[in-house]
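Worksheet for the structure shown next.
The values are calculated or read from the model by the stated rules, or taken from the named source; none is laboratory data. Everything quoted here is computed from the prediction, not taken from an experiment. Cβ sites come from the backbone with ideal geometry, for glycine too, and all protein chains shown count toward neighbours.
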């Protein structure tokens, strides 16, 4: 019988109707697709927006197996899928380091003035855009009236407001089209090595940074008390509770940047009934800004730093991991 579909998405991919549990071959997996796991069979990829629930039954070689939602793909790096954990794995109101400082062995920091934007400029402080939609919603970061074609800052001070952009007479719209595209194409962060969005520490590759930091902290005594946001992700053992500690980690800014970009986040959130990620919450990364500050995704669509302890430092922690889909 022919597959019932609802059409095609912007990439020309067929979009089956919901609640059909469409199995995707691992080599064809894409952003937003869901990973389900069964203790006996292992992993299956289910097309985004098609899963009937957080627990599904699949018939394999004539036998019914129950699979549990393990995560959603939000990017790819080094031949592996970047996976964010389900809703129940997310914890709020967690401090990075209640004691007031990052670990003493973490002596390499990624401070202000290092974030490279797509227009080739570096933001002069710690703001750079990670989610266009949230920046567009925020009065604080909508920019200032002006005619600058290429803004020199990531959040205002030369960035055109929507009204100034739409009334501009210097052909700026010929380059970008909509104001959204103007912001997205100029202010989105670029994961360049050497910045906090492409961090390398003690020889770790970009996509291994979060795993390294989280596991290193997890090896310390009293880690859960001293570093609760990191510990929450280190301790998470997957939907079936069987993953070894350290399989999941607190994301790096590189990973948060991949997750929160609109195009990726929108696909992840096609599964909103069973797995979603809010663009409006402040989310910790594992990347230190200084001995007392850490980088985070700011719920107004930007990057920023915040004190690892004290008032206002109770932020969200959501585990991520890597999964090699094809051997």
Filtered residues of segment 100-144 (kept if loosely packed, with under 15 Cβ neighbours inside 10 Å and at positive phi): 100, 113, 120
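Yes/no per residue for (1) closer than 17 Å to residue 323 by Cβ; (2) touching a helix residue (DSSP H, G or I) at 6+ places or on another chain (Cβ under 7 Å); (3) not in a helix (DSSP H, G or I):
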position: 27; (1), (2), (3): yes, no, no
position: 43; (1), (2), (3): yes, no, yes
position: 50; (1), (2), (3): no, no, yes
position: 53; (1), (2), (3): no, no, yes
position: 64; (1), (2), (3): no, no, yes
Among the residues of segment 220-235 satisfying the criterion of being part of a loop (DSSP other than H, G, I, E, B) and touching a residue at least 40 places away in the same chain (Cβ under 8 Å), which is surrounded by the most Cβ atoms within 10 Å (Cβ to Cβ)? 227
Scanning segment 145-173 for residues that are at pLDDT 80 or above and outside any loop (DSSP other than H, G, I, E, B), which turns out surrounded by the most Cβ atoms within 10 Å (Cβ to Cβ)? 160
Look through 64, 125, 139 and report the one residue that is over 30 Å from residue 24 (Cβ atoms) and without any contact (Cβ under 8 Å) to a residue 12 or more places away in the chain. 139
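Quick grid of which residues meet (1) under 23 Å from residue 111 (Cβ atoms); (2) surrounded by fewer than 17 Cβ atoms within 10 Å (Cβ to Cβ):
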position: 246; (1), (2): no, no
position: 256; (1), (2): yes, no
position: 282; (1), (2): yes, no
position: 311; (1), (2): yes, yes
position: 317; (1), (2): yes, no
Over segment 66-99, the set of residues buried (at least 18 other Cβ atoms within 10 Å of the Cβ) and not in a strand (DSSP E or B) is 85, 86, 89, 90, 95, 96, 97
